[in-house]
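Below you'll find the structure, written out as structure tokens, and then a few comments.
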Amino acid sequence: MDTPGPSQEPGLLERLELASARVPFRYKVATVWVAIFIVLGFFGAAAKFDLGWIRDKIGFIAGGLQYTLLIALGGIVLAVVLATIGALARIGRHPIAYGIAGFYVSFFRGTPLIVQMFLIYLALPQIGRNLAVEYAWLPDGFNDALILDAAVAGTLALGLNYGAYLTEIFRAGVQSVAGGQGEAADALGMTYGQKMRRVVLPQAFRVIIPPTGNEFIAMLKDTALISFLGATVANAEIFRRSQLVGKADFKNLEAYLTAALLYWGLTILFSYFQSRLEARIGRGYDRAAFAKQLPPGHGAQTTAAARAEVGAVPPPRPPADPSRLDGRTEGPA
Amino acid sequence: MNEREVVVRIEGLHKSFGHLHVVRGVDMEVRRGEVVVIFGRSGSGKSTVLRCVNFIEDPSEGTIEVAGIRLQGGHRTRRKRAQIRQLRLHVGMVFQQFNLFPNMTVLENVMVAPLLAKRGTEDEIRKRAMDLLDRVGLSDKPAEHPIRLSGGQQQRVAIARALAMQPDVMLFDEPTSALDPELTGEVLSVMKSLATDLHMTMMVVTHEMGFAREVADRMAFFHEGRILEEGPPSEIVSGAEHPQTRAFLDAVL
């Protein structure tokens, strides 16, 4: 093999390499995605993928979106409430509150979500029935009081389960607020509640939002587990609906792929909202970004403080984009 | 000066962190209008004493009295927690790292504590806060977020924030140690004006001997958790008795 000397024309491979270098990376990635979809489309056609069937049934399957969203929203609201209480209990170190919160987190993180769903859906009614038999003074109808609708039981289980994970996220978020902040609030004579509401929680919020968004997106997908509780058609979420029609027409590929695409669309949509929200919340807090704007003489101090704080809490955020910086130079709203 | 009332009285103060006995028996009185500079090597317990005065650290042993509120060290009971809060309402504190609240504007930082303590209507408190920002030379920055200020400006806001509660005594815990050298002057001159214009009672942990000589009524040298030597700056700076004090002064002057 002769190596090309400096006077030689570049070979074909080298010319291709140079041409490739001029194409932006994201165009190449987009091309790969397009190629993947073409290949998938080819396999789909070969497997007699029935688009017509999907057109007929997508309305029915997508009708489950509202239930999926409702269940996920109910679950995340419950989870956030439980996590707020749980985190404050874990921080406050009151032995009773701490003990209960510790038990809660340990049990619901330590057992499978699907088991928790069955416990709430199928085991609670048994408790109700047995209690009603044992204690006659309980009001009439108590034996049926713990029989929950599948969607309600599922939402409860999701809320309890995710609440346990969020408890730890919230606790870490609160504890990530620099110790000096609490000391300053104390020194100003604030009560514990005032310190939390006005100083600590607003700062913790910023750290807590991104992982909470992740948990919500994860929960969107876990709503599919509710289908195992055998929800009726009337309030069936996406996955149950796709199961029902897919089985009836023996179109499992089309049915489950439709469900998958709907979930995928939802998570992409909410990831987008989440990144927008994070950008908003980051405004006015990003020490590193602010330090860069200060005149050089003033920078050293602030940057050192910034590093200390940023180091304590690695902000789980994408790198600041230039448009956000521009927004900030206009000053606080 | 000696006829004035005692604002801060520290008696038999001890503080241990685990096995580390940091403060080993400190007694001190600060009278109204007095400026006391506390100095000494790092680890000598000087900051810890200051932080015990408003119970940011709980004293292990001893008594703290501020503006007539007298509290023992030791375990923090529910009743004592309320008393500590009352005591803190009489004490302003300025920290080495400023500790301004980044989620609030400069003006909100100064207003938040008086608002929460219901020290007047919002308009009154805002007016007082603006007056204080004017006093520290930052009346043009009320809407700014602390992060956009220089260290010296942040520390001046922190001083205004502490003053907003109209404390009986101000504690300064190495207020200029985290600042670039060219920024310490603006903070020290604000502190000086508090002493000369407002006759504020002040306890200042600092190594700024120029400030001490000019402003302090008294200086206390801390060594191994005790006050080794104490007196007016004229006596301490030029004629310290103890070799440790002299060695330290030689090192910082």
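How many residues does region A:106-146 contain that are free of Cβ contacts under 8 Å to residues at least 40 places away in the same chain and among the basic types (Lys, Arg)?
Matching residues across region A:106-146 total 1.
For region B:121-140, state whether one or more residues are over 19 Å from A:Gly180 (Cβ atoms) and within 8 Å of another protein chain (Cβ to nearest Cβ).
Step one: of region B:121-140, the residues over 19 Å from A:Gly180 (Cβ atoms) are B:121-140.
After this cut, where a residue has to be within 8 Å of another protein chain (Cβ to nearest Cβ) as well, the list is none.
So far as region B:121-140 goes, no, none of its residues is over 19 Å from A:Gly180 (Cβ atoms) and within 8 Å of another protein chain (Cβ to nearest Cβ).
Would you mind finding the one in A:Ala72, A:Ala19 that is under 30 Å from the mean Cα position of the chain (by Cα) and either within 30 Å of A:Ala150 (Cα to Cα) or among the small types (Gly, Ala, Ser) (or both)?
Details: A:Ala19 fails: under 30 Å from the mean Cα position of the chain (by Cα).
Exactly one of A:Ala72, A:Ala19 is under 30 Å from the mean Cα position of the chain (by Cα) and either within 30 Å of A:Ala150 (Cα to Cα) or among the small types (Gly, Ala, Ser) (or both), namely A:Ala72.
May I ask you to list the residues in region B:219-253 that are buried (at least 18 other Cβ atoms within 10 Å of the Cβ) and at positive phi?
Once the filter is applied, which keeps residues that are buried (at least 18 other Cβ atoms within 10 Å of the Cβ) and at positive phi, region B:219-253 yields only B:Gly225.
For region B:186-216, which residues satisfy the criterion of being within 14 Å of chain A (Cβ to nearest Cβ) and either of a type in the set (Lys, Arg) or over 21 Å from B:Arg31 (Cα atoms) (or both)? Step through it out loud before you land on a result.
Within region B:186-216, the first condition is being within 14 Å of chain A (Cβ to nearest Cβ), and the residues that meet it are B:186-187, B:203.
Answer for region B:186-216, where residues must be within 14 Å of chain A (Cβ to nearest Cβ) and either of a type in the set (Lys, Arg) or over 21 Å from B:Arg31 (Cα atoms) (or both): B:Glu186, B:Val187.
Would you be able to say whether some residue in region B:111-133 is over 20 Å from the mean Cα position of the chain (by Cα) and buried (at least 23 other Cβ atoms within 10 Å of the Cβ)?
First pass over region B:111-133, keeping only residues over 20 Å from the mean Cα position of the chain (by Cα): B:115-128, B:130-131.
Subset that is buried (at least 23 other Cβ atoms within 10 Å of the Cβ): none.
Among the residues of region B:111-133, not one is over 20 Å from the mean Cα position of the chain (by Cα) and buried (at least 23 other Cβ atoms within 10 Å of the Cβ), which makes the answer no.
Being of a type in the set (Gly, Ala, Ser), away from every other protein chain (no Cβ under 14 Å) and buried (at least 19 other Cβ atoms within 10 Å of the Cβ) is the requirement here; does A:Ser227 meet it? Spell out how you get there, then give the answer.
Values: of a type in the set (Gly, Ala, Ser): yes; away from every other protein chain (no Cβ under 14 Å): yes; buried (at least 19 other Cβ atoms within 10 Å of the Cβ): yes.
Yes; evaluated as a whole, the condition is true for this residue.
Since A:Phe103 meets every condition but one in (1) modelled with pLDDT of 95 or more; (2) touching a helix residue (DSSP H, G or I) at 6+ places or on another chain (Cβ under 9 Å); (3) more than 14 Å from every other protein chain (Cβ to nearest Cβ), which condition does it not meet?
(2)
Of B:Asn99, B:Asn103, which residue is outside any helix (DSSP H, G or I), touching an Asp or Glu at 6+ places or on another chain (Cβ under 8 Å), within 8 Å of chain A (Cβ to nearest Cβ) and free of Cβ contacts under 8 Å to residues at least 60 places away in the same chain? If you could, list the steps in order and put the result at the bottom.
Numbers: B:Asn103 fails: touching an Asp or Glu at 6+ places or on another chain (Cβ under 8 Å).
Just one listed residue meets the conditions, B:Asn99.
Please find, among B:Arg88, B:Arg76, B:Arg148, the residue that is touching a Phe, Trp or Tyr at 6+ places or on another chain (Cβ under 9 Å), modelled with pLDDT under 95 and surrounded by 21 or more Cβ atoms within 10 Å (Cβ to Cβ).
On the way: B:Arg88 fails: modelled with pLDDT under 95; B:Arg76 fails: surrounded by 21 or more Cβ atoms within 10 Å (Cβ to Cβ).
One residue alone meets the criteria, B:Arg148.
Within the set of pairs 6 or more residues apart or between chains, which connect a residue that is at the interface with another protein chain (Cβ under 7 Å from one of its Cβ atoms) and touching a residue at least 12 places away in the same chain (Cβ under 8 Å) inside region A:166-187 to a residue that is of a type outside the set (Lys, Arg) and assigned to a helix (DSSP H, G or I) with Cβ atoms less than 6 Å apart?
Hits for this filter: A:Gln181/A:Val199.
The conditions are (1) under 18 Å from A:Ala184 (Cβ atoms); (2) in a helix (DSSP H, G or I); (3) over 13 Å from the mean Cα position of the chain (by Cα); (4) of a type in the set (A, V, I, L, M, F, W, C), and B:Ala162 fails exactly one of them. Which is it?
Of (1) under 18 Å from A:Ala184 (Cβ atoms); (2) in a helix (DSSP H, G or I); (3) over 13 Å from the mean Cα position of the chain (by Cα); (4) of a type in the set (A, V, I, L, M, F, W, C), only one is false for B:Ala162: (3).
Could you please give the count of residues in region B:165-185 that are facing another protein chain (nearest Cβ under 8 Å) and assigned to a helix (DSSP H, G or I)?
2
Within region B:192-206, can one find any residue that is in a helix (DSSP H, G or I), among the basic types (Lys, Arg) and buried (at least 19 other Cβ atoms within 10 Å of the Cβ)? Give the steps one after another, and end with the answer.
First, the residues of region B:192-206 that are in a helix (DSSP H, G or I): B:192-198.
Subsequent filtering for residues that are among the basic types (Lys, Arg) retains B:192.
Right, trim to buried (at least 19 other Cβ atoms within 10 Å of the Cβ) and you get none.
Within region B:192-206, none of the residues are in a helix (DSSP H, G or I), among the basic types (Lys, Arg) and buried (at least 19 other Cβ atoms within 10 Å of the Cβ).
Could you tell me whether A:Tyr121 is over 19 Å from the mean Cα position of the chain (by Cα) and modelled with pLDDT of 90 or more? It would help to see each step written out before you state the result.
Values: over 19 Å from the mean Cα position of the chain (by Cα): yes; modelled with pLDDT of 90 or more: yes.
The answer is yes for A:Tyr121.
For region B:76-92, how many residues meet the condition of being more than 9 Å from every other protein chain (Cβ to nearest Cβ) and assigned to a loop (DSSP other than H, G, I, E, B)?
Adding up the residues that qualify gives 2.
The values are calculated or read from the model by the stated rules, or taken from the named source; none is laboratory data. All figures in this text were calculated on a predicted structure; none of them were measured in a lab. No Cβ is skipped: glycine too gets one built from the backbone with ideal geometry, and neighbour counts run over all protein chains shown.
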